[in-house]
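Novice: Just passing along the structure, written as structure tokens.
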């Protein structure tokens with residue numbers, strides 16, 4: 001299923017149409033989300049995934065980013081038209097959260113790196129500009145200080161619902177608004 005941008009009156013409209021910039025925040029991973037903010041409109045999309053038999057000798061399934069559906073989501077939700085100089089007519093800025101890499105959590109690390117590679121391949125195919133972001137960068141601005149673990153997800157959920165009430169149903173289903181808050185952070189910081 002492909003999601004489309006949902007109108008939300010909460011994103012800023014302080015830029016004129018000629019200065020429009022699309023901000024896309026990607027919470028990396030198979031349980032991640034994608035937030036898109038474009039001149040007064042916001043969308044929150046679930047990272048498209050699929051389950052398949054693991055490539056190891058043990059019988060189990062793994063969840064992978066479905067790159068075909070991710071490509072379709074980007075094609076459907078971003079203004080990808082190019083000018084004569086092969087530049088995007090409407091500038092697009094993509095912010096991708098760095099994956100968790102922890103040798104003590106091999107399976108989670110492998111999943112995060114697989115997800116990132118699939119995401120990078122799709123972004124590169126569209127020639128989208130990309131900036132890597134550490135979670136603490138956007139959380140420091142968008143969330144209250146001193147939070148840890150599950151408190152961060154709860155704060156992300158609550159603040160996402162407050163800033164983007166029209167998307168609260170989607171945020172409730174996902175349990176956090178990390179991708180959306182990352183996009184809003186980039187917009188606020190004028191990155």
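The values are calculated or read from the model by the stated rules, or taken from the named source; none is laboratory data. Bear in mind that the values here come from a model prediction, so they are computed numbers and not experimental data. We place every Cβ from the backbone using ideal geometry, glycine too, and count neighbours over all the protein chains shown.
Novice: What's the total number of residues in the stretch 26-36 that are within 14 Å of residue 114 (Cβ to Cβ) and either within 10 Å of the chain's Cα centre (by Cα) or surrounded by 18 or more Cβ atoms within 10 Å (Cβ to Cβ) (or both)?
Specialist: Residues in the stretch 26-36 being within 14 Å of residue 114 (Cβ to Cβ) and either within 10 Å of the chain's Cα centre (by Cα) or surrounded by 18 or more Cβ atoms within 10 Å (Cβ to Cβ) (or both): 4 in total.
Novice: Being surrounded by 20 or more Cβ atoms within 10 Å (Cβ to Cβ), under 14 Å from the mean Cα position of the chain (by Cα), within 14 Å of residue 24 (Cβ to Cβ) and at pLDDT 95 or above: is that true of residue 128 here?
Specialist: Answer is no for this residue.
Novice: Still on this structure: Considering the stretch 155-182 alone, what residues qualify as being assigned to a loop (DSSP other than H, G, I, E, B) and surrounded by fewer than 18 Cβ atoms within 10 Å (Cβ to Cβ)?
Specialist: Across the stretch 155-182, the qualifying residue is only 175.
Novice: Looking only at the stretch 98-112, count how many residues are touching a helix residue (DSSP H, G or I) at 6+ places or on another chain (Cβ under 6 Å) and touching a residue at least 12 places away in the same chain (Cβ under 8 Å).
Specialist: 3
Novice: Here's a follow-up. Can you list the strands (runs of 3 or more DSSP E) lying wholly within the stretch 37-124 that have 2 or more residues being surrounded by 19 or more Cβ atoms within 10 Å (Cβ to Cβ)?
Specialist: Ranges flagged: 41-46, 92-97.
Novice: Kindly provide the set of residues from the stretch 131-149 that are outside any helix (DSSP H, G or I), under 16 Å from the mean Cα position of the chain (by Cα) and either more than 24 Å from residue 101 (Cβ to Cβ) or in contact (Cβ under 8 Å) with a residue 40 or more places away in the chain (or both), ordered by number.
Specialist: 131, 133, listed by residue number.
Novice: Still on this structure: From 128, 152, which residue is under 20 Å from residue 183 (Cβ atoms) and assigned to a loop (DSSP other than H, G, I, E, B)?
Specialist: 128
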